[in-house]
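Below is one structure, written out as structure tokens; the observations come after it.
What follows draws every value from the coordinates through simple rules; no lab data is involved. Just so it is clear, the model here is predicted, and its values are computed rather than measured. Here Cβ is always computed from backbone atoms with ideal geometry, including for glycine, and neighbour counts include all displayed protein chains.
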Amino acid sequence: MRPLWGPPKKKKSKSPMNLLAIAVGIKQKKNVNEIVNKFQLADFAIMLFHYDGNVDGWRDLEWSNSAVHVSAVNQTKWWFAKRFLHPDIVAAYDYIFLWDEDLGVEHFHVGRYLSIIKKEGLQISQPAIDAGISEVHYTLTAREINSTVHRKAVNLRGPGHRCFENSMEPPCTGFVEMMAPAFSRESWRCAWHMIQNDLVHGWGLDFMLGYCAQGNRSENIGVVDSEYLIHLGIPSLGGSAGGKTNAEIDRLAAMRGTVDESDGRTAVRRASFMELNKFKNRWGKAVGEDECWVDPFHQPLHPTQTYHH
Ligand SMILES: *[C@@H]1O[C@H](CO)[C@@H](O)[C@H](O)[C@H]1NC(C)=O
Ligand SMILES: *[C@@H]1O[C@H](CO)[C@@H](O)[C@H](O)[C@H]1NC(C)=O
Ligand SMILES: *[C@@H]1O[C@H](CO)[C@@H](O)[C@H](O)[C@H]1NC(C)=O
């Protein structure tokens, strides 16, 4: 933010700025406050996307006036990100953290996290998810004990998918989940273009983020084990895919082409699946139309993908 007149306030720190953006509802105020407090460094700008329209309820928090608040009722994190995080606007930031509101941060230190991803050259990263307590969707993003960073799933058999020793495709490498990604400036420019205006649940993006890795996705995308998160898994619009989903159920449902009707979040899930198919179809169409496109990874469509052309 800038003053109405005069030069901008001198920053205390010389380090480059970064951005934390979270889609929030007032019900998660306490947890969001804990997350933001972890980012209380001189070099972080905070942006809240209010999907429940409640902005006033946040005013009492000490950092509220120095955060940017954007409010639009019932919109998802990806809808907000597409409209308010245009890469030219956020080019001032070195790293963009686009997080869910239901993450437990007691084992996360952002200063250490930043120095690790810089040192390791990670263009796209996420903190590992503690497998002990949280719902873990993918083997790759589960925390490894006694490790700083990993880039490959080492378990040969994970929940819902198998990662063999030589698996070189997402979700076994070159992959992060959508709940807590951190993007470098350049990878965000690419990822932002991949987000579709009208596909608000963001499904399908995770498997394609490798194309934004600015090189070898198996090297430039990684999971930080030493700074990790607890995934609380609260269904809300601040969560990935507009409602917390169990990726394993979804994957099986996708393979069967059915959706579990007994689940209360069926409507959101069904919409997400429809969007996933649209996303894949658009990808396939774009690949077909672009004569110059050479797939650097020779990636077949994700095995659960049903593809209509
Ligand atoms: C937002 O979604 C909730 C829950 O589905 C619904 O009750 C409410 O009417 C919606 N609000 C608007 C403004 O669409
Ligand atoms: C982690 O490292 C500690 C200390 O070196 C060791 O005692 C422990 O067995 C290791 N745990 C695993 C799971 O490797
Ligand atoms: C990408 O990096 C991985 C891991 O270092 C390596 O095994 C692979 O050969 C690299 N791929 C290319 C195309 O360089």
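Structure summary
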{"read-out": "Restricting the stretch 1-62 to trypsin sites (Lys or Arg not before Pro) in coil, as DSSP defines it, with at most 12 other Cβ within 10 Å", "value": "Lys9, Lys10, Lys11, Lys12, Lys14, Arg59"}
{"read-out": "Filtered GluC sites (Glu not before Pro), the stretch 85-120: DSSP coil and at most 16 other beta carbons within 10 Å", "value": "Glu106"}
{"read-out": "Set of lysines near Lys9 by C-alpha distance (under 24 Å), chain-local residues within fewer than 8 positions excluded", "value": "Lys38"}
{"read-out": "Local net charge near Cys212, Cβ-Cβ under 9 Å (Lys/Arg +1, Asp/Glu -1)", "value": "+1"}
{"read-out": "Amide N proximity, the stretch 177-199 versus Lys278 label position 7 Å along Cα-to-Cβ, cut-off under 14 Å", "value": "195-199"}
{"read-out": "For Ser64, Ser125, order by how many other beta-carbon atoms lie within 10 Å, fewest first", "value": "Ser64, Ser125"}
{"read-out": "Rounded, prolate or oblate (a/c below 1.5 giving rounded, otherwise prolate when a/b exceeds b/c) for the stretch 172-235 by Cα gyration tensor", "value": "oblate"}
{"read-out": "Kirkwood Rh in Å, taken over all unlike Cα pairs in the stretch 1-108", "value": "14.6"}
{"read-out": "Ordering of 291-298, 80-87 by packing [mean C-beta count within 10 Å, highest first]", "value": "80-87, 291-298"}
{"read-out": "Low-density loop cleavage sites - GluC sites (Glu not before Pro) in the stretch 139-227, where at most 11 other Cβ are within 10 Å (DSSP)", "value": "Glu165"}
{"read-out": "Per-residue Cβ neighbour rank within 10 angstrom, fewest leading, Ser226, Ser272", "value": "Ser226, Ser272"}
